[in-house]
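Below you'll find the structure, written out as structure tokens, and then a few comments.
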Amino acid sequence: MSKTLTRADLAELIYSEVGISKTEASEIVDQFFEEIILDLIDGNSVKLTSFGTFSVKNKRERIGRNPKTKEEAIIDARRVVSFRASKELKRRINKTL
């Protein structure tokens, strides 16, 4: 079973590689994600070279259906985050097969 990479894991990597305190490493990770979130909230795309692009897309209101009861329901309009992997990321993932 695969392990999930967490914020704590990222902070630990920064701590061990860079040599700053664990608290500072954790703050760096938190600030990194906060900046990404704030840009997405503003409607901007976030491109991480050799990794991919995060963007926000607007979904219209629509009628959906509960698959169990077949009852129709309105799904509200909303914003969703989309991720598109870079060619480099796709190449590296497929190289490991």
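The values are calculated or read from the model by the stated rules, or taken from the named source; none is laboratory data. Predicted model only: the values in this text are computed from it and were never measured. Methodologically, a virtual Cβ is constructed for each residue, glycine included, from the backbone with ideal geometry; neighbour enumeration extends over all protein chains shown. These accessible areas exclude ligands, DNA and RNA; they are computed on the full protein's heavy atoms, side chains included. Shrake-Rupley method; radii C 1.70, N 1.55, O 1.52, S 1.80 Å.
The solvent-accessible area of Phe33, taken with every protein chain present and a 1.4 Å probe, is close to 60 Å².
Taking all protein chains together and rolling a 1.4 Å probe, Asp39 ends up with roughly 60 Å² accessible.
May I ask for the net charge around Phe83, where only other residues with Cβ less than 13 Å from the Cβ of Phe83 are counted and Lys, Arg are +1 while Asp, Glu are -1? Write down the numbers at each step before the final one.
Numbers: positive: Lys47, Lys57, Arg84, Lys90; negative: none.
Residues close to Phe83 contribute a combined charge of +4.
Compared with the alpha-carbon gap, the fully stretched path from Arg91 to Lys68 is longer by 4.3 nm at 0.36 nm per residue. With the simple model of a label 7 Å out from the Cα in the direction of the Cβ, Lys22 to Ala77 spans 4.7 nm.
Skip the ligands, DNA and RNA, and give the accessible area per residue of the range 1-64 with a 1.4 Å probe, whole Å². If you can, show how the numbers build up before the last one.
Values: 5110 Å² over 64 residues.
Using a 1.4 Å probe on heavy atoms only, each residue of the range 1-64 averages 80 Å².
Note down, for the chain, the three equivalent ellipsoid semi-axes (square root of 5 times each alpha carbon gyration tensor eigenvalue), biggest first, whole angstrom. Could the numbers behind the result be given before it?
On the way: eigenvalues 230, 70, 53 Å².
Semi-axes from the Cα gyration tensor: 34, 19, 16 Å.
Counting protein heavy atoms only, the chain has 54 percent of its accessible area on carbon and sulfur, 1.4 angstrom probe. In the structure shown, the pairs Lys59/Lys95; Lys3/Lys95; Lys22/Lys90; Lys22/Lys47; Lys22/Lys95 are assessed against 23 Å; a Cα-Cα span above that value is assigned to Lys59/Lys95; Lys22/Lys90; Lys22/Lys47; Lys22/Lys95.
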